[in-house]
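Encoded as structure tokens, the structure appears first; notes follow it.
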Amino acid sequence: HAQMENRPKNDTIETLPWPEVLSFCSLPAQNLTTSLRCSYFNSFNQSFWTAVSVNATTVSELCAFELAPEPDPVIIEERTRIEVLGITPNSAFHDCLVVNGSIFAAGSFTRMNDEAAHYIVSWENSHASSRPSFQGLAKGLDGAVRVMAVHKALLVLGGVFTRAYSNDSQPIHSGSLIAWNLSSNEWSTIGRTTCEGTVTGIVSSQGTLYIVGQFKQIQGVEVNNIAAHSGEISAPSGWRGFGAGISGRTVMALAVTGPEIFVGGNIVRAGDQKVNNIARWDGTRWERITDEDCEQMCAQGDGDSHCLERNCEVDGFVSSIVTWNRHIFVAGNFRTAGGHPVTGIAHYFSGRWSGVSGGLEGSVYDLKIHSPLDHQPHCIYVAGQIKSVVDKLGAKVPVYSNVAKTCFNDTSIITEGWEAVDSVDSSGLRPSQKQVGAVRKLLFPTPQDWTQSEA
């Protein structure tokens, strides 16, 4: 993605990450306009590349279908309801957070409800069906925001931007990482330095900020697409890397549990290890997340070529990773995990990969584990462009909302089968077959994030 971001119109690109293009070409015909035009590559915007002339990995000409405007963004309430917020950006949302009673939404938009909005806005959390009054963060940014996280009273943003603008429109050279001070309402850099490249994942854990993306170094430290900052926010010496870092076309997913770090995307190497799309840092070194049974079969086969063909890890793009106790759940666009057939989501525990409740059909962009207030059961939620899921009776169920869930309890990870999360339109009616646009992000605010009227 970093190679092709912000390419000028009519530019020529000789090669590109073909698996991602395949996924973006799988678009419902009714969602396309009749306009066919050449444009720049933006994987999260409303322009999706399609190949005109293709052989194995080379595209001689690139053009894009321009999508019709997406429906209003939606907010997912506890258990079943989805309601339209009543705000209309001119491009997609990529991430959202609720902080101190305010909703922050960021993406690739430059206008909101026909008013200027430079890639990030906030509004007070009022009833979801009302039309909120939004405001920008100072004068905004000069490029799209991919991801956000709260870290030490700061709202940290990552993306493809290079500058932030103060209230008096003064530019702040930020690279692709910037922080918004929630107390003083002003921009600041992390460690008084810039991150030159693209940031696609941010996690704050135990006082440390972790980032992944496409970048080579920070503050003169060679980090190779993954880095962490500890200590005072203003301390340049707080940056560090993890071994030789990670490499691949795209690093997207990031999860942190204690000293362990999990990364996913289109990854081919982590440290000195060859990996397939997912890897783990154990606190001191990088290691593969591989299926032990699959490895034993490879050892009995004809060496590396046999193992490569079988792939004892994940055979496609990993978009999201979550951990629960010692269990790892991953979602994305893949068909096997540990050599076992799976569809879009997989589970790893005690050296074994497996599917989750029969799997799903479609592409998953986000994955969350959420527990209701009574803590039982725990539910796995997925969002993206999801056509169908398999319910507890083994039947295929259509998913019109592009959001689905499956639940389990504390004593067993065996899930109960998938179910679609119903969609609700702005009138409160539940149309059983009304298609909702692709869902990029799931958000489960804590009770203190909501006003009394929303409780």
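Take the residues in segment 399-422 that are modelled with pLDDT of 85 or more and of a type in the set (D, E, K, R), then tell me which one is nearest to the chain's Cα centre (by Cα).
As a first pass, look at segment 399-422 and keep what is modelled with pLDDT of 85 or more: 399-407, 417-421.
Imposing the further condition that a residue be of a type in the set (D, E, K, R) reduces the set to 405, 419.
On the way: Lys405: 17, Glu419: 22 Å.
Checked segment 399-422; the qualifying residue nearest to the chain's Cα centre (by Cα) is Lys405.
Looking at (1) open to solvent by 20 Å² or more (accessible area, probe 1.4 Å); (2) out of contact with any Leu (no Cβ under 6 Å at 6 or more places or on another chain), can you tell me which one Lys368 breaks?
Unmet for Lys368, out of (1) open to solvent by 20 Å² or more (accessible area, probe 1.4 Å); (2) out of contact with any Leu (no Cβ under 6 Å at 6 or more places or on another chain): (2).
Which residue, of Val314, Val342, is touching a Gly at 6+ places or on another chain (Cβ under 6 Å), crowded, with 18+ Cβ neighbours inside 10 Å, touching a residue at least 12 places away in the same chain (Cβ under 8 Å) and within 16 Å of Asn276 (Cβ to Cβ)? Break it down stepwise before answering.
Working: Val314 fails: touching a Gly at 6+ places or on another chain (Cβ under 6 Å).
Going through Val314, Val342 in turn, the sole match is Val342.
Examine segment 274-288 for a residue that is part of a loop (DSSP other than H, G, I, E, B), farther than 17 Å from Ala331 by Cβ and in contact with a Leu (Cβ under 9 Å, 6 or more places away or on another chain), and state whether such a residue exists.
no
Strands (runs of 3 or more DSSP E) wholly in segment 152-245 with at least 3 residues that are closer than 29 Å to Gln273 by Cα, open to solvent by less than 50 Å² (accessible area, probe 1.4 Å) and of a type outside the set (S, T, N, Q) - which ones?
195-205, 208-218, 226-229
Looking at (1) surrounded by fewer than 21 Cβ atoms within 10 Å (Cβ to Cβ); (2) touching a strand residue (DSSP E or B) at 6+ places or on another chain (Cβ under 8 Å), which is the only condition Ile261 fails?
(1)
Taking segment 104-119 on its own, how many of its residues are under 21 Å from the mean Cα position of the chain (by Cα) and not aliphatic (A, V, I, L, M)?
Residues that pass the stated criteria total 7.
If you go through segment 391-404, how many residues are of a type outside the set (D, E, K, R), assigned to a strand (DSSP E or B) and surrounded by fewer than 22 Cβ atoms within 10 Å (Cβ to Cβ)?
The total comes to 2.
Go through segment 130-151 residue by residue and tally those that are open to solvent by 40 Å² or more (accessible area, probe 1.4 Å) and more than 19 Å from Ser108 (Cα to Cα).
Counting residues in segment 130-151 that are open to solvent by 40 Å² or more (accessible area, probe 1.4 Å) and more than 19 Å from Ser108 (Cα to Cα) gives 4.
The values are calculated or read from the model by the stated rules, or taken from the named source; none is laboratory data. This one's a predicted model, so the numbers in the text were calculated from it and none came from an experiment. So basically every Cβ, Gly included, is an ideal-geometry build from the backbone, and we count neighbours across all protein chains shown. Only protein heavy atoms, including side chains, enter the accessible area calculation; ligands, DNA and RNA are left aside. Shrake-Rupley method; radii C 1.70, N 1.55, O 1.52, S 1.80 Å.
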